[in-house]
Amino acid sequence: MFFLDIERQILLTGDDVIFIFTGLLVCLLGYLVWVKQKLVLLAGYKEKFIKNKKGLSGFMGKWLVAVGVITTLMPLWTRIFNQQALWLYAAIIFLVAIHIYFKMPEYFRND
């Protein structure tokens, strides 16, 4: 019976594969925005409204990589903390979104 639990914890379910794939995709997006400065990948990006492209790419790229890593690690969290990890994940994403919402105006022009 004990070995059955270990085997069940090692196998990846469909949800785990989706979390891992999505997390890696968000990490790739964060890399492209942060390092390669491909700001056109950001929704609503208009070059004429941005005053600090380098700062915006660093800010958004780092947060995208952080969210991607958290998303990729979700299957491990659900193994350790059961389904309560999903509430923790939702709270983290919500707090990151609020932080981004209030920090973004620093990178826009006031003209």
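By its C-alpha gyration tensor, with a ≥ b ≥ c as the square roots of the eigenvalues, how is segment 68-111 shaped: rounded for a/c under 1.5, else prolate for a/b larger than b/c, else oblate? Taking the square roots of the gyration eigenvalues as a ≥ b ≥ c, segment 68-111 is prolate. Inter-label distance, residue 97 to residue 46: 2.3 nm, where each label sits 7 Å from its Cα along the C-beta direction. Ranking 84, 110, 31 by Cα position along the charge dipole of the chain, where only Lys, Arg, Asp and Glu carry charges on their C-beta atoms, puts 110 farthest toward the positive end.
Ranked from highest to lowest mean number of other Cβ atoms within 10 Å per residue, what is the order of the peptides 44-55, 59-70?
Details: 44-55: 10.9, 59-70: 18.9.
With the highest mean Cβ count within 10 Å placed first, the list reads 59-70, 44-55.
Under a 5 Å amide H cut-off, with hydrogens placed 1.01 Å from N, residue 108 pairs with 51 among residues at least 5 apart or on other chains.
Shown in residue order for segment 23-32 are the 3J(HN,Hα) couplings computed by the Karplus curve 6.51 cos²θ - 1.76 cosθ + 1.60 at θ = phi - 60°: x, 5, 5, 5, 4, 4, 4, x, 4, 5 Hz (x for Gly and Pro). For Rg/Rh (Cα atoms, Kirkwood Rh), which listed value, [x] 1.12; [y] 1.03; [z] 0.94, comes from the coordinates shown? From the options [x] 1.12; [y] 1.03; [z] 0.94, the structure gives [x]. Express in whole angstrom the spacing between the alpha-carbon centres of segment 12-35 and segment 39-56. Centre-to-centre distance over Cα atoms comes out at 22 Å.
Just so you know, all these numbers are worked out from the coordinates, no wet-lab data involved. Quick caveat, the model's predicted, so the values are computed rather than measured. Positions of Cβ are backbone-derived with ideal geometry, glycine not excepted, and every protein chain shown enters the neighbour counts.
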